[in-house]
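The values are calculated or read from the model by the stated rules, or taken from the named source; none is laboratory data. Just so it is clear, the model here is predicted, and its values are computed rather than measured. Positions of Cβ are backbone-derived with ideal geometry, glycine not excepted, and every protein chain shown enters the neighbour counts.
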Amino acid sequence: MRQIHRILLQTTIPYAEDDWHIGRFSLLHQYLADLRGDDGLPLFEVTARDRDALGAPDSVLSQLDSSPFDELWLFAVDTGNGLTDDDCAAIGRFRQRGGGMLVTRDHMDLGSSVCTLGGVGAAHFFHSKHPDPDPARRQIDDTVTTNISWPNYHSGANGDFQRIEPSLPVHPVLNDPQSADGMIRFLPAHPHEGAVGKPEHDDTARVIATGRSQASGRAFNLAVAFEPSAHGGPAIAQSTFHHFADYNWDPAKGSPSFVSERPGHALAGSPEAQHSIRQYVKNVAMWLAGSTAAAS
């Protein structure tokens, strides 16, 4: 019998009803859990949880390297204090033993605790910590939500979708045999995405997809892939967790009360974009598990 890979969906905050707790990623959870292989059996066993109380190592993250999980999808939704040194050390050992990782955050300093992660953390740029090394990119993009500063790339309204540009050569997570050109072309939109980029001295990493701001017309990076190597397993650094959130896949699912922007509804009317987004999620899960084959 083939292996069923174990995925951990994990936030960096304790549960809080009016915040981005793990329950707000339920559509992603269900989609991954429903994927089946050619034998009809599940491809993944999915666990979803919020972190334990702040101020002490998380009971799962701080022991991740000795856990049965094969993949960590880390949604950094904290304000800078979501990971302890013990958590980061164990996550680092997890990747060193071959574990696959997706690490994502949001605008400005949201999720900046990932700066303390070795390797993948270096691909995330924030406002106050580890800013983008290119000064030209340290500028406000979304000018509507004025309390949010750079990085805040405006790819569209929550509930809409954005057209993306895969980098060449096309990475396996961006392959789509059902699209006209064989590539993933759409991801969920968000009014103020964060910033990611290739770490300067990491030859295993490269930008694999870019978007374009609807506010300024500037191109910005959406995802950085780290190829598996002797130093660690495969990894993806993603510009915003909103690419995976219920609210962005279906605004009727609701959002925390502090979300002030009016949502869009274009994604609901585009089967092509819906397919593209789910194909991307499937591809990422398969690639992080060590396979480039598409799930059926």
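Brief remarks follow.
- Here T104 does not qualify as within 19 Å of H124 (Cβ to Cβ), surrounded by fewer than 22 Cβ atoms within 10 Å (Cβ to Cβ), out of contact with any Lys or Arg (no Cβ under 7 Å at 6 or more places or on another chain) and of a type in the set (V, I, T).
- Residue under evaluation Y280, criteria (1) closer than 27 Å to T145 by Cα; (2) in contact (Cβ under 8 Å) with a residue 12 or more places away in the chain, criterion not met: (1)
- Count of segment 232-252 residues, restricted to those that are surrounded by fewer than 16 Cβ atoms within 10 Å (Cβ to Cβ) and closer than 20 Å to A195 by Cα, is 0.
- If you go through segment 105-153 and keep only what is within 22 Å of A205 (Cβ to Cβ), at pLDDT 95 or above and small (G, A, S), you end up with G111, S112, S113, G121, A122, A123.
- Every condition in (1) surrounded by fewer than 16 Cβ atoms within 10 Å (Cβ to Cβ); (2) among the small types (G, A, S); (3) in a loop (DSSP other than H, G, I, E, B) holds for S255 except the one numbered (1).
- Selection status of I184, out of contact with any helix residue (DSSP H, G or I) (no Cβ under 7 Å at 6 or more places or on another chain), at pLDDT 95 or above, under 30 Å from G254 (Cβ atoms) and aliphatic (A, V, I, L, M): no
- Residues of segment 187-225 satisfying the condition of being at pLDDT below 95 and within 26 Å of D141 (Cα to Cα): E200
- Some residue of segment 262-285 being modelled with pLDDT under 95 and either more than 30 Å from D18 (Cβ to Cβ) or surrounded by fewer than 17 Cβ atoms within 10 Å (Cβ to Cβ) (or both): no
- Residues of segment 174-213 classified as of a type in the set (K, R) and in a loop (DSSP other than H, G, I, E, B), total: 2
- All of (1) touching a residue at least 60 places away in the same chain (Cβ under 8 Å); (2) in contact with an Asp or Glu (Cβ under 8 Å, 6 or more places away or on another chain) hold for L32 with one exception: (2).
- Of the residues making up segment 16-42, those that are loosely packed, with under 14 Cβ neighbours inside 10 Å and part of a loop (DSSP other than H, G, I, E, B) are A16, E17, D18, D38, D39, G40, L41.
- In segment 135-173, the residue that is farthest from V259 (Cα to Cα) out of those that are free of Cβ contacts under 8 Å to residues at least 40 places away in the same chain and in a loop (DSSP other than H, G, I, E, B) is P169.
- Sub-7 Å Cβ pairs linking a first residue in segment 81-107 that is polar (S, T, N, Q) to a second residue that is surrounded by 23 or more Cβ atoms within 10 Å (Cβ to Cβ) and in a strand (DSSP E or B), at least 6 apart or interchain, are Q96/G232; T104/F75; T104/Q238, ordered by first then second residue.
Yes/no matrix, rows are residues, columns are (1) closer than 25 Å to S128 by Cβ; (2) touching a strand residue (DSSP E or B) at 6+ places or on another chain (Cβ under 9 Å); (3) aromatic (F, W, Y):
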{"site": "R6", "(1), (2), (3)": "no, yes, no"}
{"site": "A16", "(1), (2), (3)": "yes, no, no"}
{"site": "F25", "(1), (2), (3)": "no, yes, yes"}
{"site": "R36", "(1), (2), (3)": "no, yes, no"}
{"site": "P42", "(1), (2), (3)": "no, yes, no"}
{"site": "L61", "(1), (2), (3)": "yes, yes, no"}
{"site": "T84", "(1), (2), (3)": "yes, no, no"}
{"site": "A89", "(1), (2), (3)": "yes, no, no"}
{"site": "F94", "(1), (2), (3)": "no, yes, yes"}
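- When each of A180, A209 is tested for being in contact with a strand residue (DSSP E or B) (Cβ under 6 Å, 6 or more places away or on another chain) and more than 18 Å from F126 (Cα to Cα), the lone residue that passes is A209.
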